[in-house]
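This report concerns only the one structure given below.
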Number of protein chains: 2
Amino acid sequence: MDSNGFRNAAISSIEEIIGYYDNIETRNVVSTVEPGYLRKLLPTEAPAQGEPWADIQKDIEAKILPGITHWQHPGFHAFFPCATSYPSILGELYSAALSGACFNWICSPAVTELETIVLDWLAKLLGLPDCYLSTGATRGGGVIQGSASEAVLTAMVAAREKYLCETVPADLDGEARDDAIAHKRSRMVALATTTTHSSTKKAAIILGVRFMAIPVRAEDNYALSGPVLARALADCRARDLEPFFLTATLGTTDTCAVDDFAGITSALAGFVPAGAPGEVWVHVDAAYAGAALVCPEVQAATNVALVAGFHSFDMNMHKWLLTNFDASCLYVRDREWFVRALTVNQAVYGNAASDGGLVTDYREWQIPLGRRFRSLKVWFVLRSYGADGLRAYIRRTTKLGDDFAAWLRARADLFEIMTGPSFALTVFRMVGRPESDEDERNALTKALYDAVNATGHMWVTSTVLNGRFGIRMMTGVRTTEKEHVEAAFQTLVGAAEEILKS
Amino acid sequence: MDSNGFRNAAISSIEEIIGYYDNIETRNVVSTVEPGYLRKLLPTEAPAQGEPWADIQKDIEAKILPGITHWQHPGFHAFFPCATSYPSILGELYSAALSGACFNWICSPAVTELETIVLDWLAKLLGLPDCYLSTGATRGGGVIQGSASEAVLTAMVAAREKYLCETVPADLDGEARDDAIAHKRSRMVALATTTTHSSTKKAAIILGVRFMAIPVRAEDNYALSGPVLARALADCRARDLEPFFLTATLGTTDTCAVDDFAGITSALAGFVPAGAPGEVWVHVDAAYAGAALVCPEVQAATNVALVAGFHSFDMNMHKWLLTNFDASCLYVRDREWFVRALTVNQAVYGNAASDGGLVTDYREWQIPLGRRFRSLKVWFVLRSYGADGLRAYIRRTTKLGDDFAAWLRARADLFEIMTGPSFALTVFRMVGRPESDEDERNALTKALYDAVNATGHMWVTSTVLNGRFGIRMMTGVRTTEKEHVEAAFQTLVGAAEEILKS
């Protein structure tokens, strides 16, 4: 494909993408293909000779789109959103054209520097304390990771390094030191809660350290409270376990609960004081709801200023902030621990700027070596929307969730809100008949869930809270307008009434 | 930005990208900006109001491109290539438009199924044994990872799981089992060589297991041989260490050496027989040179059929196979070990297809949960070029490397080949004057390296082999033609003669 072939192919692709977005509502939200559908449609081997673009492009509508679940569909109320926007797509386009494995500053200075700058912009928008800025006093800063899972893994590796440095006696060496470290490793435990995202457990598995999920309580709104954490820490100490890492969540997956940062701070102070050797590294997982921090009222409500006392913070612009997957923005208060834990030097990567310590080499802040130019789309989005545009979007979609919850309340004969509305997410269930027991309410709610998802016009996911089955209704997708949420509510009402009749 | 705004912006971006490629030779290969250049050009905060696209786009040429090192420049002879091609860019464009966090099959069946299919296509092209196909008898298959670093980390996690399952006595439970596992962990060692890519060491650090780099020898062409491995294994046993993982390399970073697969097979057979409990998991890192396996003559020369006796294999289409970063194609002989090691279930991700075991959920084959639609660009590239087109490209760029080495040999008065040509990479140095010692040869070669890189027309990187400084000349970039390699050679000759004169 030469320049002119690319011009024609690209223009045709752009038109197809515009048509896809303009008419997305005409498609089923969720793909209805059967497992194995695509193998029946494609040859078993790559072609021997190259094919013209026109033949390839026509297979997108014919063979690929039937197998796509449309995350940008206005009826997508499942999980959390996975964002995109036109400026962000342009960012991916340029990033692909400027492809490079930019592991070092010199491999493309703009890739490193733009990332540092736009992550500072974002930190200020989110109201993060200054210690998370690249210019802050504690040598902090931000780095774009591929996902929140990679962010928590990276943070946990740094936390383990810090803990071992601080707690293994410095005067040991050789075999004695190895033994002491092996013993420590066998006692170290990463803490989370029963509503923390599974990525923390996965990171602990990868590191080979213990993992403990602290049960949260309905009366704490399924969030981690100070007293519950204090008891868990005391329990660890009684069992000779050494907590070195805690994930605190701003917006849990199931219900968008926010852990009590003030309570966590005081519980930890009673265990190992902040800054003392062996303190617990606190990582804040704000993967989804962190986007809402662009609004000052959310900064105040979530006590985000308290993360100044924690160690790392992560939010995904690619969930609720109009930016393509992947853009997981990880901030650290002291980047030194990342660099100490993750730097592996090899002669071939040496260069004057790196060796002189003049620049940031983000390969030392992440698991992989190479990296894409991910900050370009972040820059395009922040500039295209502006701070006001981002706030307006978050407030608009949050309001849709509040409206939806109000409508649920107005039909208390049918529905009961279990949690929320919180960050455009409400969890609810059917109340059933006056004589319904919990099993029947679960069965009715499950029937409602199946019925509305079967329509193809909307997609909701579910959760189970203290044995009670609930439907999660999320209204954060960019294309979702009030009319779509109203239509979804009417679908729910109609289906619920039908289920009660039968 | 509405549909029409996107149309105009995208068309303008496409033209800018075409202009960039058509005129890339007029730019310096390596960016010449000073550290911190971009902070001086950008505001300290995101704008309050959104900006028009025209203002954003003009900053690409004005502020970003000066900070780009051009990996697609025909004078880019550094490291290994980081590929792109027009069909691949279109793949990224569609992937961005169809954005979703496709962690489960149902989250977009096409994303999972196309990946399985095109990785089978690729495995056949590379001549991998059938056990690495998704349809093979050993429950194998391929998965696209973000980088070779993530691939080796994932493989090592699976290998650790397998080793612990096979070697910790099954009749232990509770505290006794925990103790046995903790003891094992403290003795387990991941093996590589002094020329293995640093990602294996990084993975061992992340897992918290020991790492041992086996020294390779110049007489083995800097590759791992059977006898050297056998000695290292015996040494581990003597020290009560338990080797559970070995990275074997097809195309090392420094010199593109290929480890001796036959020798490795027989050394391992003499340690723990293949298939016996506690066998060493062998991961093949073919990140760069694996691309050349599309040519049958390379399959034969590298003994790739022997990887049937190993456990995992990884190559990056994004290096030398015309596909954008990221597309690290990881194959496993038995996917069960990935799934056992990496599956962490959470209620919110449950669905009928996954729960029924009907489909592949790639989140269980990788560190992150979410994933981009990366197979689309692979599909576009395989179809646009066809098998013949890919082979022609590999043979053309390999030949450029062979030509370059022949020219070096013809100027034996100036240059000495240290290794290669191997997979479009030659490592060479200056011979210096008859009376030159090793220090002087190093100094002359370093002076040559600095001089040619200072021209801006070409970029080479360096390595150190047994204390001898060498220049790596790589000719694998898509835009590099014979005239560019000739020009680079003339630049080298001119600079070398100049250095010898002064």
>> 7 Å from Cα along Cα→Cβ at both residue B:501 and residue B:355: what's the point-to-point distance in nm?
In response: 8.0 nm
> Across peptide A:32-42, what mean number of C-beta atoms from other chains lies inside 10 Å of a residue's C-beta?
Replying inline: 5
>> Can you list the copy-to-copy distances for residue B:180, using a point 7 angstrom from Cα toward Cβ, in nanometres, shortest first?
In response: 3.0
> In nm, one decimal, shortest first: how far is the label point of residue A:59 (7 Å from Cα along Cα to beta carbon) from the matching points in the other copies?
Replying inline: 3.9
> Carbon and sulfur atoms: what percent of the 1.4 Å accessible area of the protein assembly as shown do they account for?
Replying inline: 52 percent
>> Could you tell me how far the Cα centroid of region B:1-69 sits from the Cα centroid of region A:255-291, in Å?
In response: 39 Å
> Inter-copy label distances at residue B:219, 7 Å along the Cα→beta-carbon direction, one decimal in nm, shortest first?
Replying inline: 7.7
> Among the residues of region B:201-237, which ones have their accessible area go down by 10 Å² or more when all the protein chains sit together, as opposed to their chain alone (1.4 Å probe)?
Replying inline: B:201, B:202, B:205, B:206, B:207, B:208, B:210
> With labels modelled as points extended 7 Å from the Cα through the Cβ direction, what inter-label distance (nm, one decimal) is found for residue A:437 paired with residue B:12?
Replying inline: 6.7 nm
> Treating the beta-carbon of each Lys and Arg as +1 and of each Asp and Glu as -1, no other charges, what is the dipole magnitude of region B:114-347 about its Cα centre, to the nearest 20 debye?
Replying inline: 220 debye
>> Buried accessible area between B and A (1.4 Å probe, both chains summed, ligands and nucleic acids excluded), in Å² to the nearest 100?
In response: 12200 Å²
> Where the only charges are on Cβ atoms (+1 Lys, Arg; -1 Asp, Glu), what is the dipole of the protein assembly as shown about its Cα centre, to the nearest 20 debye?
Replying inline: 200 debye
>> Using the crude model of +1 on Lys and Arg Cβ and -1 on Asp and Glu Cβ, and no other charge, please compute the dipole size for region A:384-502 relative to its Cα centre, in debye to 20.
In response: 460 debye
> R0 = 51 Å: FRET efficiency of residue A:167 with residue B:399, Cβ-based, nearest 0.05?
Replying inline: 0.35
> Just going by the charge dipole of region A:28-144, with Lys and Arg at +1 and Asp and Glu at -1 on Cβ, which of A:116, A:48, A:31 is farthest out on the positive end?
Replying inline: A:31
> Hey, what's the protein assembly as shown come to in accessible area per residue, 1.4 Å probe, Å²?
Replying inline: 32 Å²
> Residues of A:359-369, mean number of Cβ from any other protein chain within 10 Å of their own Cβ, rounded to a whole number?
Replying inline: 4
> Among B:129, B:258, B:275, whose Cα lies farthest out toward the positive end of the dipole of region B:114-347, if unit charges sit on the beta carbon of Lys, Arg (+1) and Asp, Glu (-1)?
Replying inline: B:258
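The values are calculated or read from the model by the stated rules, or taken from the named source; none is laboratory data. Since we're looking at a predicted model, the values are computed, not measured. All Cβ positions, glycine included, derive from the backbone under ideal geometry; neighbour counts span all protein chains shown. Remember, those area values only see protein heavy atoms, side chains included, never the ligands or the DNA or RNA. Shrake-Rupley method; radii C 1.70, N 1.55, O 1.52, S 1.80 Å.
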